[in-house]
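Structure first, then comments.
The values are calculated or read from the model by the stated rules, or taken from the named source; none is laboratory data. Source: prediction; values computed, not measured. Here the Cβ positions follow ideal geometry from the backbone for every residue, glycine too, while neighbour counts run over all protein chains shown.
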Amino acid sequence: MACILGLFRVCIADLVKHENKEHKLIKEEVDQLNGIVKEALADSETLFFVAEIDGQIVGTIAQKNPNQLISENIEMEPNVYEMASVYLYSAELSHLYKW
């Protein structure tokens, strides 16, 4: 779990840096993503996939049931998931990825 949260922190920190966002966004987003991971472990309606190369986590994808805004405004087919998050490791971030 620590490696997954580390990947989130690295990706979000890079986003904050490149888009001049507030640093508090890092903790807020990592906390939200941590919640998605916990949901996936406790709830079969949240899917969480991890990509690994040579024992190192290089990406994640989370899928959930569509949120209320989507389900109330778009006609959805049954059992169709919303892409909740996608995080991919970039070689450009390797200096930040040390676990």
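Return yes or no: is GLU29 at pLDDT 85 or above and farther than 20 Å from MET83 by Cβ?
On the way: at pLDDT 85 or above: yes; farther than 20 Å from MET83 by Cβ: no.
Criteria not met by GLU29.
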Test result for ASN20, out of contact with any Gly (no Cβ under 7 Å at 6 or more places or on another chain) and on the phi > 0 side of the Ramachandran plot: yes
Inside region 6-38, the number of residues satisfying the requirement of being within 29 Å of ASN79 (Cα to Cα), surrounded by fewer than 16 Cβ atoms within 10 Å (Cβ to Cβ) and in contact (Cβ under 8 Å) with a residue 24 or more places away in the chain is 1
Filtering region 46-89 down to residues that are under 19 Å from ARG9 (Cα atoms), exposed (fewer than 13 other Cβ atoms within 10 Å of the Cβ) and under 15 Å from the mean Cα position of the chain (by Cα) yields PHE49, GLU52, VAL86, LEU88
Scanning region 16-54 residue by residue, those part of a helix (DSSP H, G or I), touching a helix residue (DSSP H, G or I) at 6+ places or on another chain (Cβ under 8 Å) and among the aliphatic types (A, V, I, L, M) turn out to be VAL16, LEU25, ILE26, VAL30, LEU33, VAL37
Within region 55-87, of all residues that are outside any strand (DSSP E or B) and of a type in the set (A, V, I, L, M, F, W, C), the one nearest to SER44 (Cα to Cα) is VAL80
